[in-house]
Amino acid sequence: MNEPPEPISPYEAIPIRLRVNGELRSGAVEPRRTLADFLREELSLTGTHLGCEHGVCGACTVLVDGEPARSCLLLAVQVNGAEVRTIEGLAVAGELSPLQSAMRDQHGFQCGFCTPGFLMQIQALLEERRALSEAEVREELSGNLCRCTGYESIVRGVMAALGSGADG
Amino acid sequence: MAERSPVGGGGAARFVGASVQRGEDLRLLRGQGRYVDDVRLPGMLHAAFVRSPLAHARVVGVVTEAARRARGVVAVFDGEEIARLARPRASIPGGTDDGGPPVYTLLATDKVRLVGDPVALVVAESRYLAEDACELVEVRYEALPAVVSAEQALDPKSPPIFEDLGGNVIYGPTTKAYGDLAGTFARADLVVQAKISQHRQQNVPMEGRGIVASFDPETGELLVHAATQGVNTTRAALAAQLGLAAEKVRVLAGDIGGSFGLKFGISREEVACAAASRALGRPVRWIEDRGENLTVSGQAREESFEVEAAVTREGEILGMRVQMVVDAGAYPGLAPMVVDSVREMIPGPYRLQALEFSATVAVTNKASYVAYRGPWAAETFVRERMVDLVATELGLDPLEVRLRNVARRGEPPLRMVTGPPLAGITARESLERMAELIDLPEFRRRQAAARREGRYLGVGFATYLEPAPGPRSPDSPPDPGELEHQRMRLEADGTLSVFTAQMPHGQGHETTLAQIAADQFGVDWEQVRVVVGDSSLSPAGFGTGGSRFATMAGGATLHAARELRSKVLEVAAQLLDTGPERLAIVGGLVVGEGAPAGGLQLAELAAAAERGLLPVGTDSRLEAEVTFDGGESGWSGGTHCALVEVDCDTGRVRVERYLVVEDCGEMINPAIVEGQVRGGVAQGLGAVLLERSAYDPDGQYLSGSFMDYLLPTATDVPHIEIEHLETVRLDPDVNFRGVGEGGMIVAPPTLCNAIADALAPLGARITEQHLPPSRLLELIGTIGG
Ligand code: FES
Ligand code: FES
């Protein structure tokens, strides 16, 4: 029988390496640090927002290995080795992506606080290249809360982006 | 986009009236907005609050030693310590929290008065560590019976929440009467009575409250990054509460993640953080979490009414007697001011001849009363529900009753019985247009057929007026605090800077003011820079609220741009040795007789003015300052209509169609107007079908997460059809009117009326606003209530 390992101090920093918006980033984080806090505090990627920190509002959604994930519920140590994409990675060479342009055309958002979560959720949807009805789009967006818009403008933005055939 | 006729001196409108893309979106869509949670300052510390688990209790002892010794903790402040640094004062104009009674402290000292009441403040090197240390603060409480309803509060035997108030009534009872009430009741064929109530609900912006306060011990200056609806208001409130000269406080605000009335002035927690920064000489940041936001940031609307309406058999509503009781929660706030607005607005667009209105505001052990989008909305809810109850009683169609009572523009009465002029109202047009849009007779046929199959369809209307800001009233000149001040400057690089006290938090003001300025001045809208969110640059003014922006800031911008344009043309004429009347500014160039071929660049002109190339005596400062009183102004308003089906097995409401016919005068940017309307309607539908700030009998808060306080999602909000009326121009120049609150004001009665109509054959009488499936099943009698 081996001796039980020393308990890890909750404050002990654990090294992680991951790719964020295409760039290799590394850091040392306490085990309890959320991915959202790691992105916002350590990498200064404040485009990802925290609207509830309990997994309901979707504002903190980022893509982890291409899948939408709530960065308030993930620990930074869980994404060691992963590929993470955030709203800051959407624009192409400084220009708004087709999704961002469609949202601007349609006046998709108002205060912009829910925006990062919606954009990343929708980005993943566009990359699936499925044809979707408006009702299906509403269903797909129903895990993200927006308090300003009543959603219609966001749905229009998605329909426009889908219609343009762009995958983001 | 919509073609518009010329709007005045600046030539043909090119941008006003068009849904131009928002300037703000260039940063917001890229994740480059800067919200208060994004501010990082060197040496910044993080705050967390120890909060009361009880609704009402005496604080017997606060032990902070263990927390002070905890990892990363820099300081712990209990209520007494904060009380030595700052004290609460009115944080909003019109608020009652000005020195007491009741007297209270920023953090609880003697007593806690609601669940979540802050008791101690921990400041640490990170938020994680601050929250850890909160667990180590020991607070001993002696529980007191909680007062959790206005009814309880009004019982003289209820335990006083503030001893110095002498009971749990903070305002009233007051009674005001207008017109010949006795006469209208004597002439009435019958009196319809009802108890109507709105439930407690709340703003829930996606971004909560927050502050980064940074006191510089060297200079004695306090720099504050805030999420606020007005930097000047926040600055004044902070200075007063900290005992600092206003000149020593600078408030900055960046992007704001929504507010809906919540972020006016400054909260107790935020002042405490500023006090902590001052004591520590280091920046202190506090970002509210969602649990705090739902539990203690503030709640709204819990109001109940006893109404009697004197009516004729033909459906004419002659007079009303109304008693209002507000459950205003624990700490003093805006409720008394809201009572005044409810009383004044309750006649709405109808020819009511007499009104008696009494009101009482009660204190309870619940979250404090705050402004929430259309704070006085109860007037529309009560009136519009009452109209339908009258119609039911008389066997008339609710639309017919509305048309019978609604005032005709330009015919007596020219005022509501409570005083406000009815100038320019288009309520009748909006009702008539709505009837056409839904084809009411056809709907009634469909409804009858559905009922035969056991399906319950309903139609509901509601009409409202939104004082945005309301027509000029000859006997009440605008309050000096309500004037809109603005500065505008042509910069050396040819951009036009617009300085406003407005503080946008989602409304796109940077775009809409740029549209107006651009048209009037003669430049492209992207050449206009709208400067907001810095108290050191802001003109005087309380900020954004009350749907005042479009008229007040829009009007100030229009006049400032005209004034600056004439000034610039004067200067150009001097430089070019010609007459200003021969020149114009078009597309950012000065053109006309005497101007160089191809025009004179504004940047060149500004540079020449700066270099002093002008004849002595010319005023070369390319700046204008104006104060605007709102002009003739006017009402926004309209009619909303919902067609619904209620499933009597599940209690679910399906909104088949939701229609809006609204009038906000001349639209600056139709896409922004429609966004405001839809967002407001979504909140109103949420209030009826989902949202409720619920407490148990001990005052424990039951809606402290998004699993319990349900916001509408993309599948809950239907497509909203909007039609605009733009009928009446009361002012020669400024006919933009506010549109921020109307949707939220009128959607709840619209939907409740539709549900009541659907359930009419089942005998359900609806006098409340919150109608989730469980409640509908009770009302129908499917389940026991
Ligand atoms: S912040 Fe992560 S879901 Fe709300
Ligand atoms: S735009 Fe404000 S929350 Fe969505």
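Quick grid of which residues meet (1) assigned by TED's automatic domain parsing to the domain that holds residue A:21; (2) more than 16 Å from ligand 2 (Cβ to nearest atom); (3) over 30 Å from residue B:126 (Cα atoms); (4) over 12 Å from the mean Cα position of the chain (by Cα):
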{"position": "A:37", "(1), (2), (3), (4)": "yes, yes, no, yes"}
{"position": "A:56", "(1), (2), (3), (4)": "yes, no, no, yes"}
{"position": "A:63", "(1), (2), (3), (4)": "yes, yes, no, no"}
{"position": "A:107", "(1), (2), (3), (4)": "no, no, yes, yes"}
{"position": "A:126", "(1), (2), (3), (4)": "no, yes, yes, yes"}
{"position": "A:135", "(1), (2), (3), (4)": "no, yes, yes, yes"}
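Can you name the residue in the stretch B:498-531 that is part of a loop (DSSP other than H, G, I, E, B) and more than 14 Å from every other protein chain (Cβ to nearest Cβ) and, of all such residues, is nearest to ligand 2 (Cβ to nearest atom)?
So, considering only residues that are part of a loop (DSSP other than H, G, I, E, B) and more than 14 Å from every other protein chain (Cβ to nearest Cβ), the one nearest to ligand 2 (Cβ to nearest atom) is B:502.
Looking at B:632, B:581, B:604, B:625, which is the one that is open to solvent by 30 Å² or more (accessible area, probe 1.4 Å), in a strand (DSSP E or B) and farther than 30 Å from residue B:658 by Cβ?
B:625
Name the one entry in B:113, B:69, B:84 that is closer than 26 Å to residue B:704 by Cα and modelled with pLDDT of 95 or more.
B:113
Would you confirm, using the coordinates I've provided, whether residue A:40 is within 11 Å of chain B (Cβ to nearest Cβ), part of a helix (DSSP H, G or I), in contact with a Lys or Arg (Cβ under 9 Å, 6 or more places away or on another chain) and without any contact (Cβ under 8 Å) to a residue 24 or more places away in the chain?
So residue A:40 does not fit the description; no.
Which count do you get for residues in the stretch B:187-218 that are touching a Leu at 6+ places or on another chain (Cβ under 8 Å), more than 14 Å from chain A (Cβ to nearest Cβ) and either small (Gly, Ala, Ser) or not in a strand (DSSP E or B) (or both)?
The total comes to 5.
Which members of the stretch A:36-71 meet the condition of being under 15 Å from residue B:30 (Cα atoms) and open to solvent by 20 Å² or more (accessible area, probe 1.4 Å)?
Within the stretch A:36-71, A:44, A:45, A:46 qualify.
Identify all residues within the stretch A:135-149 that are of a type in the set (Asp, Glu) and surrounded by 15 or more Cβ atoms within 10 Å (Cβ to Cβ); write none if there are none.
Scanning the stretch A:135-149 gives a single hit, A:140.
Does the stretch A:6-25 include one or more residues that are touching a helix residue (DSSP H, G or I) at 6+ places or on another chain (Cβ under 8 Å), away from every other protein chain (no Cβ under 14 Å), closer than 25 Å to residue A:118 by Cβ and of a type outside the set (A, V, I, L, M, F, W, C)?
Within the stretch A:6-25, one or more residues are touching a helix residue (DSSP H, G or I) at 6+ places or on another chain (Cβ under 8 Å), away from every other protein chain (no Cβ under 14 Å), closer than 25 Å to residue A:118 by Cβ and of a type outside the set (A, V, I, L, M, F, W, C).
Yes or no: the stretch B:522-532 includes at least one residue that is basic (Lys, Arg) and either at pLDDT 95 or above or closer than 30 Å to residue B:390 by Cβ (or both).
yes
Among the acidic types (Asp, Glu), away from ligand 1 (no atom under 16 Å from the Cβ) and not assigned by TED's automatic domain parsing to the domain that holds residue A:145: which single residue out of A:41, A:30, A:67 fits that description?
That would be A:30, the only listed residue that is among the acidic types (Asp, Glu), away from ligand 1 (no atom under 16 Å from the Cβ) and not assigned by TED's automatic domain parsing to the domain that holds residue A:145.
I want to confirm something. Restricting to the stretch B:229-264 and keeping residues that are within 16 Å of ligand 2 (Cβ to nearest atom) and of a type in the set (S, T, N, Q), which single residue is farthest from the other protein chains (Cβ to nearest Cβ)?
Out of the qualifying residues, it is B:229.
With the checklist (1) assigned to a loop (DSSP other than H, G, I, E, B); (2) more than 10 Å from chain B (Cβ to nearest Cβ) in hand, flag the one item residue A:107 doesn't pass.
In the conditions (1) assigned to a loop (DSSP other than H, G, I, E, B); (2) more than 10 Å from chain B (Cβ to nearest Cβ), residue A:107 misses (2) alone.
Looking only at the stretch B:21-63, which residues are among the β-branched types (Val, Ile, Thr) and assigned to a strand (DSSP E or B)?
Of everything in the stretch B:21-63, those that are among the β-branched types (Val, Ile, Thr) and assigned to a strand (DSSP E or B) turn out to be B:50, B:59, B:60, B:62, B:63.
Test residue B:484 against the criterion of being open to solvent by 50 Å² or more (accessible area, probe 1.4 Å), closer than 22 Å to residue B:673 by Cβ and either away from every other protein chain (no Cβ under 14 Å) or away from ligand 2 (no atom under 16 Å from the Cβ) (or both), and give yes or no.
In short, no.
Since residue A:162 meets every condition but one in (1) over 17 Å from residue B:672 (Cβ atoms); (2) within 12 Å of chain B (Cβ to nearest Cβ), which condition does it not meet?
Every listed condition holds for residue A:162 apart from (2).
Of everything in the stretch A:74-88, what is away from chain B (no Cβ under 14 Å) and open to solvent by less than 60 Å² (accessible area, probe 1.4 Å)? Give them in sequence order.
A:74, A:77, A:79, A:82
The values are calculated or read from the model by the stated rules, or taken from the named source; none is laboratory data. This is a predicted model, so every value here is computed, not measured. Because the Cβ atoms are built from the backbone with ideal geometry, glycine has one as well, and the counts that use them run over all protein chains shown. The area values use the complete protein model at the heavy-atom level, side chains included, leaving out ligands, DNA and RNA. Shrake-Rupley method; radii C 1.70, N 1.55, O 1.52, S 1.80 Å.
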